[in-house]
Every structure is written in C-alpha cells, then in structure tokens.
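Everything on this sheet refers to the single structure shown next.
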Amino acid sequence: MHELEFLPQDYLKARFQRRIGFIRSWLLLALGLAMVLWSLQVGVWVRDAKAELQALRGTGSAVDPDVEKVRMLRAEGAAYSQRAQLAEALRPRVGIADALAALADLLPDGAALEDVCLDHPETAGPDRATVRLGGAATSEAVVTQTMAALEASACFERSVLVESRPLGPEEPALRQFIIETTLTGPAEGRE
C-alpha cells in the first residue's frame, strides 16, 4: 500500500472498514444461501419421511390378518403343548419295549417266548406293569433258570410260575410255561 500512503489516515481506515463490510456482506449472503439450501433439503427429507409414514400406515392394516393368524397359531401351540404334557403324564412310563429289552438279556438258552402280555393296572402306578410270559423250554431246569433270572433281575420282582406242563406226549422233556412277573420303573432309572 505504498502508493496510497499519501492519502489521509481516516480515508484509509474507512476504506479498510468498507472492505471488511463488503466481505462481511458476502459471508452473510453465503450463510443465508446455505441456510436456504439446508431448509430446502430438510423439506425434501420431511416430505420423504411423510410419504414413507403414509406407506407404512397402509401396510399396517394389510398385515393385521397375518398378525391375527400368528396369535391364533401361538394359542393353538400353547393348547397343543398342554395336551402333550397331559398325555405324557397319563402315559405309563413302562412300555413293552422296556419289557422286551430286559427279557432279551435275561432269557437263558433253551427257552423261547411265544407270548408276552403287558398290563398296567390302575392300582400299580405308572412305574409298574404286570408282564405275563408264555413260552416253551427244553426242560424243567430251563424253566427254573428263567424264574431265577427274573428273580435276580433288578427290572423284575415277584415272579410267579403260573403253569408248567409237558409240550406233548411224544416229547415229555419239552415244557410249556406261563410266568407272571412285575416290571418295575422306566428303563432310564434301571441299571
């Protein structure tokens, strides 16, 4: 600013103030323009959000039947679960599979089963069942071994020989037998 040094100091100061005022005006104009653009953008966002909200409000009523179906299915599932628990509580815990598995381990050589009947008396409880065994043995000793194996087993108790007779007149050694015993407890509880 060497060329302007001859001008009075007040004039230079006023000129400097005008420049600052001019820059300040441009900054205010740029800030105002930025605010206008920002408000336009926010307006676009608000319109988009309102349009999405209207679209979602329309889909809410379209989904209501599906929501009702889900509620109905949950209620049916809860009712089914209650029925399944009741059926499980009423089902005896001792089954024919338990009896056959235990018998397969105990039956001595020379004995063959022809008939196995499982009965759950009301008074016996869910963990007990009466088993009636009908079969054939090669001798009276095999029938005795079968009875001893049932008595020694932890799965059975109170074995009773109901009948033991010869299978036929031509083979007097072959025996036909009927044994009644009590199967105790579910298979998971037995050792």
Item to check | Förster radius 30 Å - calculated FRET efficiency between Leu90 and Val116 (Cβ-Cβ, nearest 0.05) | outcome: 0.85
Next on the checklist: Under the 0.36 nm per residue contour assumption, what length would be gained going from the current alpha-carbon distance of Ala14 and Arg158 to full extension?
Outcome noted: 39.4 nm
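Values in this text are rule-based calculations from the coordinates and carry no lab data. Small disclaimer: the values here were computed from a predicted structure and weren't measured. Because the Cβ atoms are built from the backbone with ideal geometry, glycine has one as well, and the counts that use them run over all protein chains shown.
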